[in-house]
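The values are calculated or read from the model by the stated rules, or taken from the named source; none is laboratory data. As the structure is a computational prediction, the values presented were derived from the model and not from experiment. Don't worry about glycine lacking a Cβ; one is built from the backbone with ideal geometry, like all the others, and counts go over all protein chains shown.
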Amino acid sequence: MGYRTAAGTVRLAAFPDGEEPEHAPSEPAPFAAAARRHGLRFAMHAALGSGAWHPFARLTLGAPRKPLDSGLRFDAVLNPPPGLAPDGPLARIRRPAYARARAEGRP
């Protein structure tokens, strides 16, 4: 997803690192189970505009410490990283999709 900055649009991504993509399911319960079984590792990357990806961090997830909150959802439009504003084609698509999900009562 792209974010507007003083330097232009910055894209952020988390790429699976050392694991097959199917080991990181998108649904919360299977994701937590995969993290519990063998941990999940991601390489965090950033790109300026349509430029090349550059790694800047690694994210390692293990077993959840608390019981899973099945109602918790991520909203990249209302909760962007601090100091960044959603920008670009994905933001334009996601903005109405997230708004609709909120209007339908999904958390």
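Structural remarks
- Only listed residue being outside any loop (DSSP other than H, G, I, E, B), more than 16 Å from the chain's Cα centre (by Cα) and aliphatic (A, V, I, L, M), chosen from ALA43, ALA13, ALA34, ALA57: ALA34
- Only residues that are loosely packed, with under 14 Cβ neighbours inside 10 Å and not acidic (Asp, Glu) were counted in segment 27-42, giving 5.
- Residues located in segment 61-81, provided they are under 14 Å from the mean Cα position of the chain (by Cα) and over 15 Å from PRO30 (Cα atoms): PHE74, ASP75, ALA76, VAL77, LEU78, ASN79, PRO80, PRO81
- Residue check for ALA76: at negative phi, assigned to a loop (DSSP other than H, G, I, E, B) and either surrounded by 13 or more Cβ atoms within 10 Å (Cβ to Cβ) or modelled with pLDDT of 85 or more (or both): yes
- Residues in segment 50-68 that are within 30 Å of GLU104 (Cβ to Cβ) and in contact with a helix residue (DSSP H, G or I) (Cβ under 8 Å, 6 or more places away or on another chain) were compared, and the one that is surrounded by the fewest Cβ atoms within 10 Å (Cβ to Cβ) is LEU68.
- Residue check, ALA47 surrounded by 15 or more Cβ atoms within 10 Å (Cβ to Cβ), at pLDDT 85 or above and more than 14 Å from GLY2 (Cα to Cα): no
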